[in-house]
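To keep things clear, I will list the structure first and then write my remarks on it.
The values are calculated or read from the model by the stated rules, or taken from the named source; none is laboratory data. These numbers were taken from a predicted model, which means no experiment stands behind them. Cβ coordinates were reconstructed from backbone atoms using ideal geometry, including for glycine residues, and neighbour counts include every protein chain displayed. To get the accessible areas, we keep the full protein, side chains included, count just its heavy atoms, and leave off ligands, DNA and RNA. Shrake-Rupley method; radii C 1.70, N 1.55, O 1.52, S 1.80 Å.
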Amino acid sequence: MRTPVFAANWKLNHGPTDARAFLQRFISQTPRQSDRTLLFFPPALSVAAVVDAARDRPDLLVGVQNVHAESHGAFTGENSVAMARDAGARAVLVGHSERRHVFGESDEATGKKVRLAVDAHLVPMLCVGETLEEREADATEAVVLRQLTAGLSSLTDTEVASITLAYEPVWAIGTGRTATPQDASSIHAVLRAALRERIGDKAAHVPICYGGSVNRGNAESLLLSPDVDGLLVGGASLDADGWSAITRSAIGR
Ligand code: 13P
């Protein structure tokens, strides 16, 4: 019912020249796989290069790491959903923990970005996740549910069914400390239950990816866990060979 998603978030890495070389090598090692969705989130300046390098591989989709919460205007340095779509993006990360915690993105802004993304026919991948402090205070469920509710606040039920979610515990991002498959599964189940409450059976259509120190060694055990429908990967997606290997992981469904 849900196609597993393998998403590479390159963060502030791989300009257009590197991105082209990456795609060339990645494509040479990665046959088309119809049973999974492969997504690249390069920096905005490299989106066109990745789209171009993947032009003969319609199975490779490209997204942007962020968009502005307004559609146009005097916002120096920002990118809009329409520009992202025009450049060939099909998806957008919203509410990534670095946007929330480094750049101060509010829950309200994530809701606006998700709305704009859906209107522009970009699939939002809404990211939620708790900090270590919040986890230690037993606030994980409250935090991710608050982020989920705010992110989806302006969508209709049908629109909610068309998005993708990512659970990325902040303490696991770039730290080498991965949530166990059980940790991931249990929060994914909480998110799934919240979606079911909101949109009923259609909740089964929403892929929920896990992110946070995913690597070649732990990818399969995460993917084989209940309710883990894909991976959102930072550091381990920066090397073409390594990322190709991860995208060829067994998915067992
Ligand atoms: P790492 O895989 O480097 O921990 O980053 C995870 C992440 O933030 C992906 O969006």
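Test residue 88 against the stated conditions and say whether it is over 20 Å from residue 5 (Cα atoms) and more than 14 Å from the ligand (Cβ to nearest atom). Break it down stepwise before answering.
Numbers: over 20 Å from residue 5 (Cα atoms): no; more than 14 Å from the ligand (Cβ to nearest atom): yes.
No: the conditions fail for residue 88.
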Starting from residues that are surrounded by fewer than 24 Cβ atoms within 10 Å (Cβ to Cβ) and touching a helix residue (DSSP H, G or I) at 6+ places or on another chain (Cβ under 6 Å), keep the ones in the stretch 98-121 and report whichever is nearest to residue 56 (Cα to Cα). 120
From the list 194, 179, exactly one residue is open to solvent by less than 60 Å² (accessible area, probe 1.4 Å) and under 18 Å from the mean Cα position of the chain (by Cα). Which is it? 179
Selection count, the stretch 53-67, where residues are surrounded by fewer than 19 Cβ atoms within 10 Å (Cβ to Cβ) and either in contact with a Ser or Thr (Cβ under 8 Å, 6 or more places away or on another chain) or within 20 Å of residue 108 (Cβ to Cβ) (or both): 1
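For the stretch 122-131: of the residues being closer than 29 Å to residue 85 by Cα and crowded, with 23+ Cβ neighbours inside 10 Å, which is nearest to the ligand (Cβ to nearest atom)? Give the steps one after another, and end with the answer.
Pass one, the stretch 122-131, residues closer than 29 Å to residue 85 by Cα: 122-129.
Still in the list and also crowded, with 23+ Cβ neighbours inside 10 Å: 122, 124-129.
Values: 122: 17, 124: 14, 125: 9, 126: 12, 127: 7, 128: 12, 129: 9 Å.
Only one residue fits best here, namely 127.
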Considering every residue within the stretch 136-153, establish whether at least one is under 19 Å from residue 247 (Cα atoms) and modelled with pLDDT of 95 or more. no
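Rundown of residues vs (1) in contact with a helix residue (DSSP H, G or I) (Cβ under 6 Å, 6 or more places away or on another chain); (2) surrounded by fewer than 13 Cβ atoms within 10 Å (Cβ to Cβ); (3) not aliphatic (A, V, I, L, M), yes/no style:
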{"site": "133", "(1), (2), (3)": "no, yes, yes"}
{"site": "136", "(1), (2), (3)": "no, yes, yes"}
{"site": "141", "(1), (2), (3)": "yes, no, yes"}
{"site": "151", "(1), (2), (3)": "yes, no, yes"}
{"site": "156", "(1), (2), (3)": "no, yes, yes"}
{"site": "162", "(1), (2), (3)": "no, no, yes"}
{"site": "168", "(1), (2), (3)": "yes, no, yes"}
{"site": "174", "(1), (2), (3)": "no, no, yes"}
So which residues in the stretch 197-213 are over 20 Å from residue 124 (Cβ atoms) and open to solvent by less than 30 Å² (accessible area, probe 1.4 Å)? 200, 213
Considering every residue within the stretch 39-47, establish whether at least one is closer than 27 Å to residue 170 by Cβ, more than 13 Å from the chain's Cα centre (by Cα) and among the polar types (S, T, N, Q). yes
